[in-house]
Amino acid sequence: MTHKQVEWWKQGVIYQVYPRSFQDSTGNGVGDLRGIERRLPYLRDLGVDAIWISPIFPSPMRDAGYDITDYTGIEPLFGDLEAFDALVDAAHGLGLRVLLDFVPSHSSDQHPWFREAREGRGSRRRDWYIWRDPGPDGGPPNNWLSEFGGPAWTFDAASGQYYLNIYLPEQPALNWRNPDLRAAMLDALRFWFDRGVDGFRVDAAEHIAPDDAFRDNLPNPDWHERLGPARQLFRTYSSHQPDGYAFVREMRAVADAYEGRVLVGEAYGELAQVMRYYGDALDGFHLPFNFGLIEAPWDADHIAGLIRDYEAALPAGGWPNWVLGNHDRARIASRAGPAQAPVAAMLLMTLRGTPTIYQGDELGLENGIVPPELIQDPWERNVPGQGLGRDPVRLPMPWDDGPGRGFTQGTPWLPLSEGSSAEAQSNDPGSMLSLHKRLLSLRRSEPALSLGALELLAVEGGTVLRYRRTHEGRVLEIALNFGTQDIALEPGAALVMSTDTQRQGWDGQLAGNEGVILVPDAAG
Ligand code: NOJ
């Protein structure tokens, strides 16, 4: 196969835009579609291939847009269909693809479907959601817990039944076993594909079809508070059920009717569960998100093990992918520490598989501080003070150092970030932004980094993660120092790139917190 025939998403890099916090164009303090369009040149210059935009659909915003009232509309806060079409055209004009967020497992309780379902047991849309009679004690039908705290069931007094809500009570679970609901949801995918959307990131896929016998989940004996209340139980029966995998295949069939589209799936779980989303015949998600790094302790041995296990678990022909951050998890510069952020960036850009960059990570942003009175995230409100809240990773982009940091002329919906701005960093060759540009450009010019085979080498000195990428005779060796001490490596190699712009050449000494890409000594 020549390079030209490789699907774009295998060599491409995805960038997650969190639209509320990307760029405001109206002064209302919330980012919007025209704002994203205005910043497309920044993304092109950064060197990414595609943007995935978190939900932009009509929503009461109880969960920041992951509670949808219309799957084929645009939330007025963000703009309208005209602004959306303009954004897609502009992106395509710059060679950038556009992925949207598809939220199949639940709608908003304000969705007309749910309002109708709630009218009574005889409602035409009753079965589009998941209803159960109370348990024998009159309480919830089983022990399932909501991800955001409390039971996963809400009592509907009018009908005397409970409905399932895996997240907030305002996010009732959709019933994918109902063929009419399924058809309506698949039509929503077609609606956006027909408008030129290049793919979707599919939300919370593990929850699409919970056990239809509604068996109790099993207790987690290793639970501790930091995991949040929902993890007191394993999700034995509430997630990753066989019908869910089948419904993913139906989504894939819709995508396959179009040219060059991609489905990326969010499903947190054990490696084996995640791998099943590729589909037995690679007919599921093209890229089930690999969250290994987002949850990993920052340790060279641990990450070497993670890479080995992930590569070994991939189904034949399944294309790998890697993620360091998203709008739900602590920022990498906070988890690994700012000194390690460049090493982390080099790791993400040189591993085998499609990388996804979370907005602001290219600037090395750390978790922000959100005072209690400004908290927006319902999770933090429900389960306060345990570090579960996601607002700190959702602060507006710091574009420049002027008022509103170039994000808004109004009052931002979350406090402004104190991180270093894109403008300041673009003038600094040693900045995280410049590092990302160098890495992305190297990745584009070196097929070994995107398409090459990966061979893990032994961890050196307990802190240096090393691997080789090889493609059509070109061999690149990556050495990443997770520690602060210098470590001696092979001196005979040639330097391709270092995270440290001051480095002149390769002398065999890898500095603490440094990452390098080398051409190994052929004789070595
Ligand atoms: C996962 C999304 O990433 C998260 O932000 C959201 O709260 C839940 N799914 C519910 O949709």
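Readers should treat all values here as calculations from the given coordinates under stated rules, not as data from a laboratory. Keep in mind it's a predicted model, so treat the numbers as computed, not measured. Glycine gets a Cβ as well: all are built from the backbone with ideal geometry, and neighbour counts include every protein chain shown.
When peptides 77-86, 304-313 are sorted by average Cβ neighbour count within 10 Å, with the highest value leading, the order is 77-86, 304-313.
Helix 242-256 axis versus longest C-alpha principal axis of the chain: approximately 70°, rounded to the nearest ten. Take every Cα pair under 8 Å whose residues are at least 6 apart in sequence, average their separation, divide by the length of the stretch 77-153, and the relative contact order is 11 percent. Sequentially through the stretch 18-24, phi angles give Karplus couplings (6.51, -1.76, 1.60; θ = phi - 60°) of 9, x, 4, 10, 8, 7, 8 Hz, Gly and Pro residues having no value and appearing as x. In plain terms, the residue of PHE234, PHE200, PHE247 with the fewest other Cβ atoms within 10 Å comes first and the most crowded comes last, giving PHE234, PHE247, PHE200.
Amide H contacts for GLY515 (H built 1.01 Å from N in the peptide plane; partners 5 or more residues away or on another chain; cut-off under 5 Å): ASN481, THR499, ASP500.
Give me GLU418, GLU206, GLU460 ranked fewest to most by other Cβ atoms within 10 Å of their Cβ, as a rough exposure proxy.
Working: GLU418 12, GLU206 23, GLU460 17.
Listing GLU418, GLU206, GLU460 from fewest to most nearby Cβ atoms yields GLU418, GLU460, GLU206.
Under the √(5λ) rule applied to the eigenvalues of the Cα gyration tensor, what semi-axes describe the equivalent ellipsoid of the stretch 35-106? Give them in Å, descending.
Values: eigenvalues 111, 32, 21 Å².
The equivalent ellipsoid of the stretch 35-106 has semi-axes of 24, 13, 10 Å.
In order along the stretch 348-361, the phi-based Karplus estimate (6.51 cos²θ - 1.76 cosθ + 1.60, θ = phi - 60°) of 3J(HN,Hα) comes to 4, 7, 10, 6, 7, x, 5, x, 10, 9, 8, 2, x, 5 Hz; Gly and Pro are listed as x.
Kindly give Rg over Rh for the chain, based on alpha-carbon atoms, with the Kirkwood expression for the hydrodynamic radius. Let's see the in-between values first.
On the way: Rg = 23.3 Å, Rh = 24.0 Å.
Expressed as Rg/Rh, it is 0.97.
Centre-to-centre, using Cα atoms only, the stretch 289-340 and the stretch 350-370 are separated by 12 Å.
Ordering ILE53, ILE36 by the number of other Cβ atoms within 10 Å of each residue's own Cβ, fewest first, gives ILE53, ILE36.
With each run of n ≥ 4 DSSP H residues scored as -39500 (n - 2.57), what mean residue ellipticity at 222 nm is computed for the chain after dividing by its residue count and rounding to the nearest 500 deg cm²/dmol?
-7000 deg cm²/dmol
Working from label points 7 Å from Cα in the Cα-to-Cβ sense, the GLU423 to ALA213 distance is 6.3 nm. How far is the Cα center of the stretch 235-256 from the Cα center of the stretch 55-126, in Å? Centre-to-centre distance over Cα atoms comes out at 20 Å. Note that the stretch 487-496 has calculated 3J(HN,Hα) couplings of 10, 7, 10, 4, x, x, 7, 10, 7, 9 Hz, one per residue in order, obtained from phi through the Karplus relation 6.51 cos²θ - 1.76 cosθ + 1.60 (θ = phi - 60°); glycine and proline are x.
The stretch 149-199 and the stretch 129-147 have Cα centres separated by 17 Å.
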